[in-house]
Amino acid sequence: MARRTKRSTRRPKKKSVARRAGAKFKKKSKSAPSPPPVSPLTHIDQRGEARMVDVSDKGATERIAVAEGRVIMRKETLDLVVEGNAMKGDVLGAARLAGIMAAKRTHGLIPLCHPLPLSKIEIDINPEHALPGFLVQATVKVTAKTGVEMEALTAVSIACLTIYDMVKAAERGMRIEGVRLLHKSGGKSGEWHAEA
């Protein structure tokens, strides 16, 4: 009688619990999340949330910002304002005053701006027949720990809007264009000029 050969019933050895845990640990350590990159936007924190920049460690320096904007209109409308015949009265005087008031209230309009003790706000409004329209410039100065770029830009924007409001009865198709920062000085970054 032929001998039966026993089939092997041995199963492959299982990895020890310690070895399996070690493998899992190694796997996790390879895919550990890297820290989030530092944002170049100073008003956004590492979690992507809006914040007011802490300027307490900065030194107070004299800071100046100059901004400009244009109100484009028909030649007839420009002549109407220059001659002083606009229906609402002193258009340019009202626009200058509005620009000054807007610069002083910038921190109340733009949530993350610091309230600043402004030492100078100057609004220049000049007729430009080549446009035709008005060129509006704002110069803002302060001695503080942060700059006044937003104050200058806000002043220009509101002065331009005031010209529009005062003259819209004569022309509703006016355009406000080219609101931008021209120059800033002071602080860590020093001088900056817009490209021509």
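The values are calculated or read from the model by the stated rules, or taken from the named source; none is laboratory data. Predicted, not measured: the structure shown is a model, and the values here were computed from it. Surface areas here come from the heavy atoms of the whole protein model, side chains and all, with no ligands, DNA or RNA. Shrake-Rupley method; radii C 1.70, N 1.55, O 1.52, S 1.80 Å.
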Probe 1.4 Å, accessible area per residue of region 58-167, Å²: 47
Listed pairs 141/184; 58/120; 88/120; 88/168 exceeding 18 Å between Cα atoms: 58/120; 88/120
Equivalent ellipsoid semi-axes, region 72-196, via Cα gyration tensor eigenvalues times 5, rooted, Å: 29, 15, 11
